[in-house]
Amino acid sequence: MRNRIVIVPGIGNSGEQHWQSHWQASHADVTRIAPSSWDAPAREDWVMAVEHAVREAGPRVVLVAHSLGCLAVAHWAARRRVAGGDSLAPVAGALLVAVPDPSAPVFPAEAQGFAPLPREHLGFPSLIVASDDDPYGSVDYAKRRAADWGGSLHRIGARGHINSASGLGHWPDGWALLRAFAGPAITSAA
């Protein structure tokens, strides 16, 4: 059975040159959440957007989140866990890229509603991908989130916020990480 991928972008959505957008354009089995506002993020709205996208995608969902999207996934998982343990069954795992620290000086003021973060295991496998020079979240912060959320950490060197400005294009190395993490049920081309 093939895994469906649900993209969970950060604040402002992921533009055309962002690796998430390249992945979505290249694969029919990739969808994206649709909150009511990308630029004025409200935690409840984004959590419900994740819920809707997971339900629409069906079984064997892999969440691929970037930046603020990672925090939305953590809040969604915490809410679902409270609702009942088996409700997380459709999620095969989450690739969480560039997890931001809400206490970082550059964290957007309009996203402060995402703090504080849940600190419990997400209830499904997760892989946090971190850059050594991300202004939104240090490697130490990513390590703590990986420990809290029951995931593992993969460092990719100095790649900034792992976004369009990082010049990653289709980010084939990221796609390879996703395939290694989620297994062969992910399509091969990036």
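Only the coordinates and a few stated rules stand behind these numbers; no lab work does. In this text, all values refer to a predicted model and were calculated from it rather than measured experimentally. No Cβ is skipped: glycine too gets one built from the backbone with ideal geometry, and neighbour counts run over all protein chains shown.
All other residues with a Cβ under 13 Å from the Cβ of Gly157 taken together, and with Lys, Arg as +1 and Asp, Glu as -1, what is their net charge? The partial results should precede the final answer.
Working: positive: Arg155, Arg159; negative: Asp132, Asp133, Asp134, Asp173.
Net local charge, Gly157 excluded: -2.
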- Estimated vicinal HN-Hα couplings, Hz - the stretch 140-150 in sequence order (Karplus 6.51, -1.76, 1.60; Gly, Pro = x): 4, 5, 4, 4, 5, 5, 4, 5, 4, 8, x
- Message: Counting only helical runs of four or more DSSP H residues, what would the 222 nm mean residue ellipticity of the chain come to if each run contributes -39,500 (n - 2.57) and the total is spread over all its residues?
- Response: -10000 deg cm²/dmol
- Message: If I model a spin label as a point 7 Å beyond the Cα along the Cα-Cβ vector, how far apart are those points for Glu56 and Ala180 in nm?
- Response: 3.2
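Where does the longest stretch of the chain lie that holds no GluC sites (Glu not before Pro) found in a DSSP loop with 15 or fewer other Cβ atoms within 10 Å?
Numbers: sites that count: Glu16, Glu120.
Of all site-free stretches, the longest is 17-119.
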- Mean-position separation - Cα centroids, the stretch 87-119 and the stretch 1-74, in angstrom: 13
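Please say if the stretch 1-111 is rounded, prolate or oblate, where rounded means a/c under 1.5 for a ≥ b ≥ c the square roots of the C-alpha gyration tensor eigenvalues, and otherwise the choice is prolate for a/b larger than b/c and oblate otherwise? Walk me through the intermediate numbers first.
On the way: a/c = 1.84, a/b = 1.18, b/c = 1.56.
Cα axes put the stretch 1-111 in the oblate bin.
Net charge near Ser36, counting Lys/Arg +1 and Asp/Glu -1 over other residues with Cβ under 11 Å of its Cβ? Please report the intermediate quantities before stating the final value.
Numbers: positive: none; negative: Asp39, Glu44, Asp45.
Neighbourhood net charge equals -3.
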- Message: For Val97, what residues show an amide H to amide H distance below 5 Å, using hydrogens built from the backbone and excluding near sequence neighbours?
- Response: Ala65, His66, Ser67, Val129
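Does the stretch 47-190 classify as rounded, prolate or oblate by the C-alpha gyration tensor (a ≥ b ≥ c root eigenvalues; a/c under 1.5 gives rounded; else a/b over b/c gives prolate, otherwise oblate)?
Values: a/c = 1.69, a/b = 1.12, b/c = 1.51.
Note, shape of the stretch 47-190 comes out oblate.
Around Gly113, what is the net charge, scoring Lys/Arg as +1 and Asp/Glu as -1 over all other residues with Cβ under 11 Å from its Cβ? Don't skip to the end; give the middle numbers.
Working: positive: Arg43; negative: Glu44, Asp45, Glu110.
Result for the neighbourhood of Gly113: -2.
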